[in-house]
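The values are calculated or read from the model by the stated rules, or taken from the named source; none is laboratory data. Please read these numbers as outputs of a predicted model, since none were measured by experiment. Because the Cβ atoms are built from the backbone with ideal geometry, glycine has one as well, and the counts that use them run over all protein chains shown. Calculation scope for accessible area: heavy atoms of the full protein, side chains included, ligands and nucleic acids excluded. Shrake-Rupley method; radii C 1.70, N 1.55, O 1.52, S 1.80 Å.
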Amino acid sequence: MTNEQTNQKPAAAPPEGTGDLPASDRAARRAVTLFPLLVVVAGLIGLFWPSHFTGWAPAVPWLLGVVMFSMGLTLTVPDFAAVAKRPWAVGLGLVAHYVIMPGLGWLVATVLDLPPALAAGVILVGCAPSGTASNVVTYLARGDVALSVSVATVSTVVAPFVTPALTYLLAGQFMHVDAGVMVTDILKTVLLPVFAGLLVRLAAGRFVDRLLKALPWVSALTIAVIVLVVVAGSAAQIKDAAALVLLAVVLHNGLGLALGYGAGKLARLGRPASKAMAFEVGMQNSGLAASLATAHFSPAAALPAAVFSVWHNISGAVVAAWMARSSRTPSSPSGV
């Protein structure tokens, strides 16, 4: 959930129209359900008592590294092998993610005539990779979890090269973007921790397996602290622009979910895969976006990422519940 990120992926998606989640996934489900509340509380603390967290901003990249390391611990070699088995679907998901969300970010910023810092922040959220909370939300929606994991993994691996380039192209008109330095920052805070976690999983798999149920909470708590620090650093700006930022985030996320689902349907991937596409496009690694915005732009530019971190988990959980419920609905009167 670097999203908000839960960093515990389900082993397989439940068939449409069947029972509840198995006990092994309850920790991830609870983390997804309670995470928005946790982040809201953290944000309120940062908003009303910002002076207590002055000077915490340099810790944000390290905190993000903890989240990404946790993500790496959940990955296995078969996750990467799965990409080669479905290159068309994974490729489509990757292109949709890095075309739809960055484009929507630029469109929303332009239509709403956002101030430069907020515009750059919204675009940066759109240029971020998928958040791993999308995997669990796809599971809750009875979607194609294997596809969701594959797209999220690949989007994270290519992020050090794609995210800075897209940010430079789309946000450069609003604020100065040093793409070269951004590449280095993403390599250090995203890719290296992910691969470090993967190596630990390979070397000590049995030990890591015992920790998997705790990883969603580690990620959730760490992301909450990131949001707290980001909000505390720009509390005054939030009070001035809260409604405008919320409108931008709701439009960005909502259109992303809808267009992601539509891309899957248009490509005739099937309903479960289209659900995965919706969440892989509409849900972002807003923790990374907040960290990059704070480091490269300004505290105000991190506001969209902080709000997105809360909102996309709420909307994702609601949409997933609706999709799962619709999957149980009989398709014809004979099924009643």
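A few notes on this one:
- In nm, spacing of pseudo-spin labels at V77 and L244 (7 Å Cα→C-beta vector): 5.3
- Amide H contacts under 5 Å for Q284, placed H, 5+ residues apart: G131
- Anisotropy class of the stretch 216-259 from Cα gyration tensor, a/c 1.5 cut: oblate
- Fluctuation leader among A42, A59, A263 - the chain, Gaussian network, Cα springs under 10 angstrom: A59
- Between R206 and W49, the modelled labels are 4.5 nm apart [label points 7 Å from Cα along Cα→Cβ].
- Across V136, V281, V157, mean-square fluctuation computed from a Gaussian network of the chain (C-alpha pairs under 10 Å connected) peaks at V157.
- Phi to ³J(HN,Hα) by Karplus 6.51 cos²θ - 1.76 cosθ + 1.60 over the stretch 109-116, Hz, x for Gly, Pro: 4, 6, 5, 7, 6, 5, x, x
- The GNM of the chain, with springs linking C-alpha atoms under 10 angstrom apart, assigns the highest mean-square fluctuation among A120, A241, A295 to A241.
- With every protein chain in place, the chain: carbon and sulfur % of accessible area (1.4 Å): 71
- Heavy-atom surface of the chain, accessible at 1.4 Å and reported per residue (Å²): 41
- As a calculated quantity, the FRET efficiency between L187 and T110 at R0 = 30 Å, using C-beta atoms, amounts to about 0.50.
- Cross-link reach is defined here as a Cα-Cα straight distance under 23 Å, omitting same-chain residues fewer than 8 places apart; for K85 the lysines meeting it are K9, K265, K275.
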